[in-house]
Amino acid sequence: MSSPLPPYASTLQLTWFYAFRVICGLIFFFLIFPILVIVPLSFNAENFFTFTPGMLRLDPDAYSFKHYVDFFTNPDWQQALYNSVTIAPAATILATVLGTLAAIGLSQAHVPYKSAIMAILISPMIVPLIISAAGMYFFYSRLGLQGTYIGVVLAHAALGTPFVIITVTATLVGFYRSLVRAAASMGADPVTTFFKVQMPLIMPGVISGALFAFITSFDEVVVVLFLGSASQKTLPWQMFIGLREQISPTILAVASVMVALSIALLFTLEMLRRRSERLRGLSPG
């Protein structure tokens, strides 16, 4: 197997080549290990948050699916799961529509103050979440939306829209405006041009933004604590209660399921990124 370095590489270049990979591996381990350690803990046969001596000995009797069974049979957890899978998709759809339209509008050359508008639109990503949650609480309570399903969906959509704007804007950077002008010259109206020409090319960015918006809504807990009521208790909220009040080991099983979901979504994002690069001619097909 040939070396990735040229034969004339110096000792310093060779050292840095391998040292860089070791540093990246250590950073990866530092970021990922605290997340993955909960997966084996979720199979603990005891109601503990630590590895038991039996687990360390790899004793089969020390492992159990009982926490997963509790998650899928306990009414409190199932209600929280139902709330999460009803709130997150609605917030994702709303954030995707608003974010895509905003990104397309800001990509036009004649829009004034684009930088200022973009800064305002992505401010929910920059402002501390507790400040956003407090502001949303006072705003939505005045409108009578505090403690309602619609209020939580709107709040989560506001948090997810910046991700859609950023990903769609990045996709539009490589979009050829001549395609829109060519469609218009053939008699296509703006709506037809958007759905037949522009949308298929920016679809990877739209879907990527939608996935980020979904993850943001599905994992969010601070805003729902401010705006939600007991009937809008989501999975992160139920996990927070399990840590603060009940010390339920079922949290480990729920966390493992959410980690698996996040990995699947990140894998999908990577596939979409590669497809977007191929469509834009940035990588070979």
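Each value in this text was obtained by applying a stated rule to the coordinates, not by laboratory testing. Just so you know, these numbers come straight off a predicted model, no measurement behind them. Because the Cβ atoms are built from the backbone with ideal geometry, glycine has one as well, and the counts that use them run over all protein chains shown.
Figures for the structure shown
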{"item": "Centroid-to-centroid separation of region 1-72 and region 204-254 [C-alpha atoms, Å]", "result": "25 Å"}
{"item": "For the chain, with +1 on Lys and Arg beta carbons and -1 on Asp and Glu, the positive-most of A9, P236, I87 along the dipole", "result": "A9"}
{"item": "Magnitude of the charge dipole, region 122-279, Cβ model with Lys/Arg +1 and Asp/Glu -1, debye to 20", "result": "400 debye"}
{"item": "Kirkwood Rh, angstrom, region 1-115 [1 / mean 1/r, Cα pairs]", "result": "20.7 Å"}
{"item": "Most to least packed among 178-184, 254-260 [average Cβ atoms within 10 Å]", "result": "254-260, 178-184"}
{"item": "Simple Cβ-charge dipole of the chain, Lys/Arg +1 and Asp/Glu -1, about Cα centre, in debye nearest 20", "result": "1040 debye"}
{"item": "Dipole axis of region 75-279 (+1 Lys, Arg; -1 Asp, Glu on Cβ), positive-most option in Q198, S178, V254", "result": "S178"}
{"item": "The chain: C-alpha gyration tensor shape, a/c 1.5 cut-off, then a/b vs b/c", "result": "oblate"}
